[in-house]
Amino acid sequence: MDKLTTLVYEREPKAVQQREENARGGKTAFVKAAQKLGAPEEQQEAVGQALHWSLGVGAGALYGALRHRSRKLGLGSGLAYGAAFWLIMDEAANTLLRLAPPPQRFPWQTHARGLAGHVVLGGAIEAAFDVLDLATSA
């Protein structure tokens, strides 16, 4: 996910990058979360990255726990899960937790990049669990 979103961000026009930076005050939601948790300034980036990765791992674990407990959506359920996760976290929770300004403050490219990244994450999570299912059923 991060590789894709970084690649896309680096290819966006500088004006779009600047509008996003201005909207978030130069700090990601995860760095702001690290600040709120009291991380020392020199460790906020690392703590923020750890929070980001932990959230991703937690999302994967939740998907794994839910995937056979409810009606199976079939191929693409991870993609839908990734899109839902983006909507809940990026578009709602970050604002509600005061880690980011409201979504309308960001350029559309920010939302599209985030959605693409989360859909890729959801697809990767689904693929990993599908491989595990195949391995354990053989």
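We did not get these values from a lab; they are worked out from the coordinates using the rules stated. Quick caveat: nothing in here was measured; it's all calculated off a predicted structure. Positions of Cβ are generated from backbone atoms using ideal geometry, with glycine treated the same way; all protein chains shown enter the neighbour counts.
Quick notes on this one:
- The simple Förster model, with R0 at 25 Å and r as the Cβ-Cβ distance, assigns Gln104 and Ala124 a FRET efficiency of 0.25.
- Equivalent ellipsoid semi-axes, the range 65-127, via Cα gyration tensor eigenvalues times 5, rooted, Å: 25, 13, 8
- Segment Leu87-Ala15, length gained on full extension (0.36 nm per residue, minus Cα span): 23.5 nm
- For the chain, lysine pairs separated by 8 or more sequence positions, or belonging to different chains, with Cα-Cα distances below 30 Å total 9.
- Helix 77-88 vs. the chain, principal-axis angle (Cα, 0 to 90°, nearest 10): 30 degrees
- Globularity ratio of the range 1-135, using Cα Rg and 2.2 N^0.38 Å: 1.13
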